[in-house]
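Notes follow once the structure below has been shown.
The values are calculated or read from the model by the stated rules, or taken from the named source; none is laboratory data. Being a predicted model, the structure only gives us computed values, none of them experimental. Cβ coordinates were reconstructed from backbone atoms using ideal geometry, including for glycine residues, and neighbour counts include every protein chain displayed.
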Amino acid sequence: METAIALNQAGWYFWDSSHSIPKPFNAMSVDSIIRRTHIYAGQIEPGQPGAHDPILPVELCQAVRQAKLVRRNVKSKGPRNKAHRVFLLSGIVYCGRCGRKLCGQGQPHFKTRERISYYRHMYNKQGCTERDVFAVDIESAALEALTRIDRDALAGDLAGDIQALFRQAALIDSQSDLEKLDSKQAEVERLIDLYQTGVITKDQLIARKAPLDSEIDELKNRVEITSLGTLADVEAIVSEVVDSLGKLHEASPELQKTILHSLIERIDIAGQRVTGITPLPWAKPFFKFWLMSSRPRPAPA
């Protein structure tokens, strides 16, 4: 807040595309600038150069970003930090009844005052009758599903899939895909520039950027296939991943979350149980033995 006061006293104003006229600084506007130091350093995203020249010294922007990261990593030693819990499925768990995203939340039990954690609708149920679910129950079910993979059967079945991947890779002109990928990413950067300069609205940015993002993801997957290396490399990676799944219950919550998010795109829950799992495209072979539901997911109302 002191920074905002100093800026206002110096006669500076804050302006963005949502305001028709400049406004005095406040804590939120100062934080907005600090969170976007990469833009002032001449980048679209951190580490991705933009089409504009740096507005502020790059070294200054890097120092601000580093200070922000250091401050974020400082953990409180007080009682609040002791109640912290890692929600393993945060960001990938959805309601199997209405299709809306769920989020993790914790609060003291009204009788015992013991802290309980559960997953609930992120914003509003909007008439959905699905109840909140205890986090420990649904997370245990997700971890158990991963440990039920038949390793021998998986290894044998993957052999054919891996061979198919390499046959597909042989048919792909990787250089052409890379050129197309660069072109699509440049189009996205141009749209972001237009939005940040107020030429297009946020809705226009989203509408025009969505099909480009889809094409970029497809091209990235195709390029990734061509860069897998030798068959032995792929089989070694598969073996390592499968072995790690067998030890998942012994891992830290942070590592459990990392592994789950590296394999799974979406988990649906209904009736206090897991009803469907959607793996990430690259991980589909790992899930073909125990995919829990093939029924279409309900669209959010």
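Selection of segment 261-286 for residues being in a helix (DSSP H, G or I) and either modelled with pLDDT of 85 or more or surrounded by fewer than 16 Cβ atoms within 10 Å (Cβ to Cβ) (or both) yields His261, Ser262, Pro281, Trp282, Ala283, Lys284.
On the stretch given as segment 190-204, residues that are surrounded by fewer than 17 Cβ atoms within 10 Å (Cβ to Cβ) and either of a type outside the set (Val, Ile, Thr) or assigned to a helix (DSSP H, G or I) (or both) total 7.
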